[in-house]
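For reference, the structure discussed in these notes is given below.
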Amino acid sequence: MNLTSSQKLRGIVLGLIVGTLAVYWPIVDFDFVNYDDDEYVSANPMVLRGLTWEGIGWAFTTNHVGNWHPLTWLSHMLDCTLFGTSPAGPHLINLILHVANALLVLLVFRRLTGALWCSAGVAALFAWHPLHVESVAWVSERKDLLSTLFGLLAMLAYHRYATGGGRRWYGLSLAAYGLSLLAKPMLVTLPCVLLLLDYWPLGRLVLGASYRQTELKPGGVAPLAMTPPNWRMVLLEKVPFFLGAVALSIVTVLAQRAGGAVMSVSHHSLANRLAGAVFAYAGYLGKTFWPANLICPYIERHWTPMAFAVALGSLLTISILVWVWRRQRHLSVGWCWYLGTLVPVIGLVQVGNQSMADRYTYFPLLGVFVMVVWSGAGLVARSRQASAAGTGVMAVVLAACLILTSRQVSHWEGSEALFSQALRVEPRNFVAENGLGYTLLVQGRIPEAITHLTKAVELNPGEPNSISTLGRALAAAGRAEAAIGWLRTNLVAYPEHSRTLSVLADVLANQGQTNEALLVYEKRLSLKPVYPPDHAGYAALLARAGRTAEAESQFRTVLRLDPASSLSYYDLAVFLSSRQRNAEADEFFARAAGKEPAIFQIHTAWAAHLLRTQRPAEAVEQLRRALPAFAESPPLLDLLARILAAHPDARLRNGTQALALAEKASQLTEQRDPRHLDTLAAAQAEAGLFPAAVATLERALELAAGERAARLRAGLQSRLELYRRMTPFRDAGDWLVGN
């Protein structure tokens with residue numbers, strides 16, 4: 001059956017769409033990751049409001065996260081307008097943009113070359129290669145997708161102009177290029193790519209008396225014809241493109257320096273940067289042809305003289321071969337495309353601490369794909385048997401890409417999966433240790449969090465973010481003095497480190513040092529006055545100090561600044577509950593849980609509120625609903641165990657279940673939290689295990705040291721006497737909620 005060209009094209013388009021959707025569709029159910037997604041979307045109050053006039057102005061004036069990319073910010077805001085705060089919407093839009101980019105790759109190269117099957121091969125490799133998963137599955141990399149989308153549109157319009165379409169198409173190309181730069185300045189080298197296209201396949205750039213290809217066949221072999229020199233005109237056409245590139249480069253460097261993202265030569269010498277560039281160029285090529293152990297981020301640098309020699313030798317060998325076969329212009333163009341478009345991210349200007357990043361290959365690998373596909377087509381065009389064999393090889397390669405990409409996609413399911421995979425590949429990856437530690441901390445898995453955060457600090461001593469997170473985890477484990485020590489040490493080196501100030505203020509507040517905590521909060525807010533969580537912490541302290549009118553005003557300000565965040569509703573609900581404004585508190589607890597159910601504190605605080613307002617059955621129901629999502633959260637396990645073990649209403653008590661929950665909470669905290677041991681003893685008594693209850697409480701009394709634990713020790717002692725008399729403990733008040 002002989003298909004027409006349009007039928008073949010429709011089939012290829014359908015295959016690209018179906019294959020890409022099939023392999024990437026799982027990302028629609030993925031969560032945000034705590035690696036930049038909070039800065040870009042999930043904890044960015046300006047973005048979470050959706051598209052507003054204030055937000056549009058902010059997008060064009062901010063250098064938040066050390067970049068200037070207003071179009072990317074507007075895109076994220078539009079997501080929130082359309083989909084709310086759910087991660088499903090941004091992931092879906094990323095997938096749609098990737099499909100659009102794959103189709104544009106097909107269209108661009110078919111228009112440029114007329115070679116349908118070669119263009120299809122390049123598009124399929126682009127769509128399905130595992131190295132591109134990071135750009136698609138990571139919400140924060142929307143900028144990659146948008147930049148490439150408009151870059152490809154610029155190339156498409158440029159082709160129309162270059163083939164006689166008129167200056168209107170030149171203007172459209174320039175406009176699309178401007179939008180690409182507004183999304184991400186990655187394609188500052190696109191003017192050079194356009195020059196490469198003028199050389200091949202357009203044949204517009206001729207240096208001296210040379211040749212151009214007047215007809216391009218699928219195998220890349222074409223007859224040649226003499227053409228007069230025209231390089232001056234072709235270069236002059238690119239001047240506006242180069243001016244835009246220079247302007248955006250300057251803006252980007254200034255934004256990155258202002259954001260503290262650019263590392264000085266004292267951190268990475270010029271020699272190290274040049275060596276890193278060689279390793280990166282060779283490393284990306286290696287991962288292109290053998291895409292194993294792909295992670296985010298790459299931190300470890302295995303730089304040995306032998307490895308450097310192999311990397312440099314490989315690059316020089318390819319360059320020499322390209323020169324030897326320079327009449328095969330697709331090789332020269334593809335190789336220069338790859339080398340040139342990686343320049344902005346190759347590490348000569350070191351931004352961040354990663355040594356490489358899969359996302360940087362999203363556009364540059366098109367050059368390598370062109371080299372491979374057109375060379376392969378030229379080899380197999382000599383006979384029908386060779387053509388069939390080439391088709392089979394390509395099918396196997398694409399099938400392998402789909403399988404590997406599907407596996408790689410699974411690593412982006414959430415923060416725990418992402419950082420766990422990074423640590424499997426790079427056990428000394430301090431960024432992954434810190435990220436995994438923070439993830440476990442948010443989940444309430446405190447001991448595991450401390451283990452990973454301690455390792456992060458050991459691997460990268462003095463890194464302020466890791467230390468501040470470790471301080472927060474230690475405080476959550478009841479080790480407040482150790483937390484304060486770490487945090488104060490951090491502030492000696494970084495006196496205005498905002499995250500450390502926030503955590504220290506919280507720890508001091510929890511230790512009852514209200515006045516000092518208020519001073520720390522005031523210093524923190526003077527550095528960044530519109531940061532909602534710090535306003536909330538300040539408000540909570542004002543409430544504790546009895547300044548309730550000021551506190552409520554601050555809580556309402558938080559809700560105004562960050563109306564999309566569940567924490568805004570949660571903090572106000574807790575405040576209203578403390579003021580016995582129960583109906584209002586019920587409303588805000590429900591709204592907080594509805595917006596972001598994956599925060600265990602919302603459920604424990606709501607249940608405590610229900611207990612205080614004499615609704616224990618509702619409290620149990622609320623905790624049971626939350627339990628599947630927080631099976632590793634000691635506070636939630638402990639609260640439910642207390643109710644089931646000690647509530648006076650026999651219809652609510654269940655000693656067996658209480659014992660299982662309390663044992664798990666104690667195990668998760670390594671038997672070091674006297675309050676969890678207190679709960680365990682109550683559950684043991686309810687189950688009739690009085691000798692065990694006595695032993696458990698004696699252990700709790702040993703741990704409950706210090707003046708601030710006097711009230712706890714008194715309670716433990718009174719319950720110990722009950723268990724010695726073989727009497728279970730009953731309480732419907734403060735003890736149930738941990739007071």
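Here region 5-410 is treated with +1 on each Lys and Arg Cβ and -1 on each Asp and Glu Cβ, and its dipole about the Cα centre works out to around 1720 debye. Over the chain, the hull volume per residue, using the convex hull of the C-alpha atoms, is 187 Å³. Between amide H atoms placed 1.01 Å from N, distances below 5 Å from residue 356 occur with 298, all of them 5 or more places distant or on a separate chain.
When the chain is fully extended, how far beyond the present Cα-Cα distance does residue 320 get from residue 391, taking 0.36 nm per residue of separation?
Numbers: separation 71, 0.36 × 71 = 25.56 nm, distance 2.86 nm.
Length gained between residue 320 and residue 391: 22.7 nm.
Computed from phi, the 3J(HN,Hα) profile of region 292-304 under the Karplus parametrisation 6.51, -1.76, 1.60 (θ = phi - 60°) reads 10, 6, 7, 9, 9, x, 8, 10, 5, 10, 9, 9, 10 Hz, with x in place of Gly and Pro. Remark: relative contact order (region 5-410) = 20 percent; criterion is Cα-Cα distance under 8 angstrom and separation of 6 or more residues.
Comparing 608, 461, 404 along the charge dipole axis of the chain, the residue lying farthest to the positive side is 404, per the Cβ-charge model.
From Cα pairs below 8 angstrom and at least 6 apart in sequence, can you work out the relative contact order of the chain, rounded to a whole percent? Please list the in-between numbers first.
Details: 1121 pairs, mean separation 72.7, N = 739.
About 10 percent, as a whole number.
Taking every pair of alpha-carbon atoms in region 486-577, give the share separated by more than 18 Å as a whole percent. Everything past 18 Å amounts to 42 percent. Taking every alpha-carbon pair in region 333-460 and binning the separations at 5 Å intervals from zero gives 2, 9, 12, 14, 13, 14, 11, 9, 7, 5, 3, 2, 1, 0 percent. By the beta-carbon count within 10 Å of each Cβ, the least crowded to most crowded order of 595, 143, 523, 528, fewest first, is 528, 523, 595, 143.
Which stretch or stretches of region 573-589 have amide N atoms under 15 Å from the point lying 7 Å from residue 548's Cα along the Cα→Cβ direction? Only 573-585 fall inside the zone, counting backbone N under 15 Å. At an R0 of 30 angstrom, the distance between the Cβ atoms of residue 21 and residue 442 translates into a FRET efficiency of 0.45.
Simple point charges give the picture: +1 on the Cβ of Lys and Arg, -1 on the Cβ of Asp and Glu, and for region 579-677 a dipole about the Cα centre of about 200 debye.
When the alpha carbon gyration tensor of region 5-410 is reduced to an equivalent ellipsoid, its three semi-axes come out at 33, 24, 24 angstrom, largest first. Rounded to the nearest 0.05, the FRET efficiency derived from the C-beta distance between residue 403 and residue 379 at R0 = 30 Å is 0.75.
Grab the Cα-Cα distance for residue 522 and residue 274, subtract it from 0.36 nm times how many residues apart they are, and report the gain in nm with one decimal. Can you show the working numbers first?
On the way: separation 248, 0.36 × 248 = 89.28 nm, distance 4.47 nm.
Going from the current span to full extension adds 84.8 nm.
Helix 514-527 versus the longest principal axis of the chain: what is the Cα-based angle in degrees, 0 to 90, to the nearest 10? Once rounded, the angle reads 20 degrees.
Note on the chain: dipole from Cβ charges, positive end direction compared against 617, 147, 718; the farthest Cα belongs to 147.
Axis angle, to the nearest 10 degrees, between helix 464-476 and the longest C-alpha principal axis of the chain: 30 degrees.
Annotation: aspartates and glutamates with alpha-carbon distance below 12 angstrom to residue 287 (same-chain offsets under eight excluded): 358.
Model label sites at residue 163 and residue 310, defined 7 Å from Cα along the beta-carbon direction, differ in position by 4.4 nm.
Rounded to the nearest 10 degrees, the angle from helix 674-686 to the longest Cα principal axis of the chain is 60 degrees. For region 493-539, go through all pairs of different Cα atoms, get the mean of 1/r, take its inverse, and jot down that Kirkwood value in Å. This gives a value of 10.3 Å. Overall, the anisotropy analysis places region 632-739 in the rounded class: the square-rooted eigenvalues a ≥ b ≥ c of its C-alpha gyration tensor yield a/c less than 1.5. Near residue 664, once Lys and Arg are set to +1 and Asp and Glu to -1 for all other residues with Cβ below 11 Å from its Cβ, the sum equals -3.
Taken about its Cα centre, the chain carries a charge dipole of roughly 2320 debye when the Cβ of each Lys and Arg holds +1 and the Cβ of each Asp and Glu holds -1.
Just want to confirm a number: the relative contact order over region 632-739, from Cα pairs under 8 angstrom separated by 6+ residues, in percent. Intermediate results must be reported in sequence, preceding the final value.
On the way: 160 pairs, mean separation 30.6, N = 108.
The normalised contact order for region 632-739 reaches 28 percent.
A short reminder: the numbers here are calculations on the coordinates, not readings from a lab. As the structure is a prediction and not an experimental result, all values here were calculated from the model. Counting neighbours? That spans all protein chains shown, and the Cβs are built from the backbone with ideal geometry, glycine included.
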